[in-house]
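Structure record follows, encoded as structure tokens.
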Amino acid sequence: MPFLSAIPSPSAGRAGGPSTITLIGVSKTYPPKRQALVDINAHIDKGEFVFLTGPSGAGKSTFLRLVYREELPTRGQLIVAGRDLTRLRPRHVPYLRRQIGVVFQDFRLLPDRTVWENVAFPLVVTEASGREIQRRVPLLLELVGLREHARARPHELSGGEQQRCALARAMALNPPILLADEPTGNLDPELARGITDLLEEINRMGTTVVMATHAEAIVNRMRRRVMHLHAGRLVSDEDPGRYRHEA
Amino acid sequence: MKLRTWGFYFAEAWRGVVGNGLMSFASASTVALSLVALAAIVILGANLEHMTRMLEAQVQVVGYLKPDFDRRWSDLLVQKVRAIPHVTDVRFVTKEEALDRLRSELGPDSVLLQAAEDTSNPLPDTIEVWVDKPSQIPGVVRAMRESVTSLDSVDYQQEVVSRLAALTRAVRLAGAGFIALLLLAALFIIANTIRLTVFARRREIGIMKLVGATNGFIRWPFLLEGMLLGFVGSALAAAAAWAGYRWLAAQVALGLPFMPILRPDRVLLPLSEALVAFGVALGGAGSLLSLRRFLRV
């Protein structure tokens with residue numbers, strides 16, 4: 001099982017690097033004709049930390065779903081981790097997914113499995129060796145501070161701990177790209193702080209992080225690149241940026 | 001593939017079976033019932049065929065000679081009949097031999113025999129004729145009637161043989177239709193059970209897909225679950241066929257000792273193997289049927 005670690009590539013070019021995301025004229029229309037995204041052009045480079053902001057329904061989640069190829073764009077070209085997603089064959093999708101960690105507002109942990117099993121899950125399903133699993137899971141639990149909770153079930157954890165567990169799972173295969181869809185949406189501010197600190201740490205280790213959020217405080221505190229969506233359009237892209245309330 | 005991966009597959013399959021206990025039970029039972037019916041029809045068909053073959057191998061034409069037949073001519077008679085085309089063998093049976101045979105078939109206490117021995121032997125001398133194909137029997141009988149003047153009457157079993165053959169065909173045909181329906185039902189109930197498991201675990205499948213499990217990987221536990229259900233059902237069916245046919249064979253041996261039936265152990269072993277293989281295949285096919293739509297990325 002090759003661990004696709006974020007090897008620093010000398011030139012993460014405009015498109016094609018293992019940890020870059022490039023959108024060229026990307027639109028997504030849901031039938032009958034709800035326009036979720038309209039003509040998005042953007043490039044996210046290796047090692048960046050990007051906030052995706054905008055009101056509910058602005059297209060943040062759709063943006064992320066396109067990146068991990070849960071959906072295909074209606075128009076335009078999308079290049080993620082060196083792959084042209086509009087041409088990626090369905091049977092190659094799993095290999096793209098191994099390059100992208102994803103966390104959600106609702107954590108999506110498996111309730112009938114322990115923290116350890118949840119974190120080990122991506123390793124098991126991608127057929128990592130037992131030794132690799134034994135080596136890697138403690139490191140991941142250490143990273144997110146859940147070492148003592150390895151045997152707990154998700155319902156025995158607080159919301160913040162559940163999200164940490166989800167983060168450890170997302171990082172299990174050491175993906176060069178991490179997507180977070182409202183990861184702090186269900187958490188108190190102080191727990192949210194813990195999660196964003198963790199995301200920053202993951203980013204410092206070289207992972208490209210894209211976080212969709214409408215947590216104004218977090219965005220303004222962290223002073224990172226901000227891509228603001230409104231009604232499916234990319235209305236501003238500033239680095240560093242601040243939270244915008246209006247289009 | 002790695003051993004631990006198989007461990008994971010089996011653990012997942014087991015989760016599925018136990019997680020939907022009632023449906024698992026229902027589908028294994030349906031498989032069992034369908035396969036028991038299949039086994040019954042296969043056993044019946046095999047026995048009918050066996051009987052047909054036995055009858056064909058027996059004397060096919062018996063010529064009864066007139067009471068005044070002079071035994072000095074018996075060799076000549078045999079030669080004459082042997083010369084008829086399609087005749088493979090001819091035997092002259094005296095009335096004394098015939099009585100002995102009857103005695104051994106009926107047992108020494110038969111009232112019928114007593115009667116036969118009290119008077120003079122009522123049986124005629126006979127000539128037994130074997131023919132290469134049952135379809136040639138009428139021609140041979142005609143030729144015998146023309147050339148053997150001392151022939152009183154002729155008896156042959158072509159009717160029985162051809163009726164038995166027709167019955168065998170009918171049983172097979174009707175059985176095939178009936179079985180096809182049952183198997184279809186079993187297939188769909190397995191597919192449905194697996195669909196329930198898939199539905200119950202859609203969350204897990206979603207996460208597997210999210211973290212990059214291939215469809216092949218996701219498919220295996222469900223495939224195994226279906227195969228497991230098929231295995232349990234077919235093992236039950238094999239056990240039922242085993243017990244049922246042994247019992248039946250014992251009853252027949254007691255009640256109808258002349259009835260030529262196949263020995264249980266010779267039928268049951270290959271039948272059980274076939275049933276289990278078939279059940280497992282059926283279970284696998286049922287899972288694939290329900291997964292086909294679901295697993296598109």
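The values are calculated or read from the model by the stated rules, or taken from the named source; none is laboratory data. Because the structure is predicted, anything quoted here is derived from the model rather than measured. So basically every Cβ, Gly included, is an ideal-geometry build from the backbone, and we count neighbours across all protein chains shown. Only protein heavy atoms, including side chains, enter the accessible area calculation; ligands, DNA and RNA are left aside. Shrake-Rupley method; radii C 1.70, N 1.55, O 1.52, S 1.80 Å.
Of note:
- For the range B:141-297, convex hull of alpha carbons as volume per residue, Å³: 161
- Positive-end residue of A:Gly145, B:Ser162, B:Gly283, charge dipole of the protein assembly as shown with Cβ unit charges: A:Gly145
- Restraint check, B:Lys80/B:Lys133; A:Lys60/B:Lys209; A:Lys46/B:Lys2, Cα-Cα greater than 23 Å: A:Lys46/B:Lys2
- Here the range B:197-281 yields Rg over Rh of 1.33, to two decimals, using C-alpha coordinates and the Kirkwood radius.
- Distribution of pairwise C-alpha distances over chain A, 10 Å bins, in %: 8, 32, 37, 20, 3, 0
- Each Cα pair under 8 Å and six or more residues apart adds its sequence gap; the mean of these over the residue count of chain A is a relative contact order of 28 percent.
- In a DSSP loop and with at most 12 other Cβ atoms within 10 Å, the chymotrypsin sites (Phe, Trp or Tyr not before Pro) in the range B:189-282 are B:Phe258.
- Panel note: contact residues of the range B:207-238 (accessible area lowered by at least 10 Å² against the chain on its own; 1.4 Å probe) correspond to B:Ile207, B:Met208, B:Lys209, B:Leu210, B:Val211, B:Gly212, B:Ala213, B:Thr214, B:Phe217.
- A Cβ-based charge dipole, computed about the Cα centre of chain B with Lys and Arg at +1 and Asp and Glu at -1, lands at about 2620 debye.
- Each Lys and Arg Cβ is given +1 and each Asp and Glu Cβ -1; about its Cα centre, the range A:104-174 then shows a dipole of about 140 debye.
- When the charge dipole of the range B:169-286 is built from unit charges on Cβ atoms (+1 for Lys and Arg, -1 for Asp and Glu) and taken about the Cα centre, the candidate among B:Gly206, B:Leu268, B:Ala243 whose Cα reaches farthest toward its positive end is B:Gly206.
- A versus B: buried accessible surface, summed, Å² (probe 1.4 Å, to nearest 100): 2000
- Phi angles across the range B:135-145 convert, under the Karplus curve 6.51 cos²θ - 1.76 cosθ + 1.60 with θ = phi - 60°, into 3J(HN,Hα) values of 5, 8, 4, x, x, 5, 4, 4, 4, 5, 4 Hz, Gly and Pro given as x.
- Cα shape, the protein assembly as shown, gyration tensor, a/c 1.5 rule: prolate
- Of all accessible heavy-atom area on the protein assembly as shown, the percent that carbon and sulfur account for (1.4 Å): 58
- For chain B, the pair-distance distribution built from all alpha carbon pairs, in bins 10 Å wide starting at 0, is 6, 20, 19, 16, 12, 10, 9, 6, 3, 0 percent.
- The charge dipole of chain A, taken about the Cα centre with unit charges on the Cβ atoms of Lys, Arg (+1) and Asp, Glu (-1), comes to about 800 debye, rounded to the nearest 20.
- Taking every DSSP helix (H) stretch of at least 4 residues in the protein assembly as shown, weighting each as -39,500 (n - 2.57) and dividing the sum by the residue count yields a mean residue ellipticity at 222 nm of -18000 deg cm²/dmol.
- Average accessible surface area per residue within the protein assembly as shown, 1.4 Å rolling probe, Å²: 49
- Tensor-based shape of the range A:87-183 (alpha-carbon gyration tensor, a/c under 1.5 rounded, otherwise prolate or oblate): oblate
- Evaluating 6.51 cos²θ - 1.76 cosθ + 1.60 at θ = phi - 60° for every residue in the range B:162-172, the Karplus couplings come out as 6, 5, 5, 5, 5, 5, 4, 4, 4, 4, 4 Hz, glycine and proline recorded as x.
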